Amino acid sequence: METRDEVQKHQQLWDRMLTHNKFNMKLMYDALTEHDNVVDWRNIFNRNMARPRAKFITWMLCHEKLATKDRLRRFNLITDSICSICKAADESIAHLFFDCRENREVWCQILQWIENIHSPLPWPDELRWIVKESNKKGWRASLLRMAFSETVYGIWYRRNNIVFGKDPNTNIVNSIIDSIVYRCWLSKKFRDHVAHLMM
């Protein structure tokens, strides 16, 4: 019903579409979504060569919808909210990905490997930084977008393995780098840059 009311706001455009031989879906879509709020982190996903699963987990992170322990405790699904990795603080998105000692070290090693001099910041600041860097052009920005998504996924995957009693990946940095190298190797324009990083 809400969609019908929204379409009626654009009745002239709708009528024009129906009288033509071709229906221009893009024109109608643009009219219907003109007032939608566009998130500033959308550029993290533009031309991001990371695996689809890594991009999905990053998308969930940006929406702050990952099922971290503090979120599950708010829904009364669990009682323990201590970080699964460092056991030093409550497991929130901010803590798990950017404040946890072990995961912070993972970020530092990945950033060092891609030759990006940056020290991980708290979550809101880190998101602003990655958005700013993602807006740039060139292979370094593309590599950073992919490294960000693959690192988020690698940390989340390891955390889930620990929570569900599976074998935790103790060599997470190498796993992330392997994923980045494999994805980059599929693109001819990135091969030389990745080969340089592997030396």
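The values are calculated or read from the model by the stated rules, or taken from the named source; none is laboratory data. Being a predicted model, the structure only gives us computed values, none of them experimental. We place every Cβ from the backbone using ideal geometry, glycine too, and count neighbours over all the protein chains shown. Just so you know, the surface numbers come from the protein's heavy atoms only, side chains and all, with ligands and any DNA or RNA stripped out. Shrake-Rupley method; radii C 1.70, N 1.55, O 1.52, S 1.80 Å.
Worth pointing out:
- Candidates L61, L96, L32: whichever shows maximal mean-square fluctuation once the chain is modelled as a Gaussian network with Cα springs under 10 Å: L32
- Applying both filters, DSSP loop and at most 14 other Cβ atoms within 10 Å, to the chymotrypsin sites (Phe, Trp or Tyr not before Pro) of the stretch 128-199 gives F164.
- Loop sites here are trypsin sites (Lys or Arg not before Pro) outside DSSP states H, G, I, E and B with no more than 15 other Cβ atoms within 10 Å. The longest part of the chain free of them is 88-135.
- Cross-link reach is defined here as a Cα-Cα straight distance under 17 Å, omitting same-chain residues fewer than 8 places apart; for K55 the lysines meeting it are K65.
- Residues of the stretch 52-68 with amide N under 16 Å of a point placed 7 Å along Cα→Cβ from N161: 54
- Considering only F148, N103, I172, and ranking their Cα positions along the charge dipole of the stretch 102-199 that arises from unit charges at the beta-carbon of Lys, Arg, Asp and Glu, the one farthest toward the positive end is F148.
- Mean accessible surface per residue for the chain, computed with a 1.4 Å probe while every protein chain stays in place, in Å²: 62 Å²
- Farthest toward positive dipole pole in the chain [+1 Lys/Arg, -1 Asp/Glu at C-beta], among N161, N135, N76: N135
- Amide H within-cut-off set for I82, under 5 Å, with H built and near neighbours excluded: E91
- Relative contact order %, the chain, counting alpha carbon pairs below 8 Å whose residues are six or more apart: 21 percent
- Only the Cβ atoms of Lys and Arg (+1) and of Asp and Glu (-1) were treated as charged; on that basis the dipole of the chain about its Cα centre amounts to roughly 640 debye.
- The stretch 40-137: GluC sites (Glu not before Pro) falling in loop per DSSP and having at most 13 other Cβ within 10 Å: E64, E115
- Start at zero, step by 10 Å, and the Cα-Cα distances of the chain spread as 8, 29, 27, 17, 13, 6, 0 percent across the bins.
- Per-residue ³J(HN,Hα) for the stretch 60-75, Karplus 6.51 cos²θ - 1.76 cosθ + 1.60, θ = phi - 60°, Hz, x for Gly and Pro: 5, 4, 5, 7, 6, 10, 5, 7, 6, 5, 5, 5, 5, 5, 4, 8
- Protein accessible area in the stretch 83-141, 1.4 Å probe - carbon and sulfur %: 53 percent
- Listed by chain and number, the lysines placed with their C-alpha closer than 18 angstrom to that of K136 are K189; residues fewer than eight positions away on the same chain are left out.
- With 0.36 nm allotted per residue and the present C-alpha distance subtracted, the W14-L72 stretch has 16.4 nm of extension available.
- Helical contribution to [θ] at 222 nm, DSSP H n ≥ 4, -39,500 (n - 2.57), averaged over the chain, rounded to 500: -18000 deg cm²/dmol
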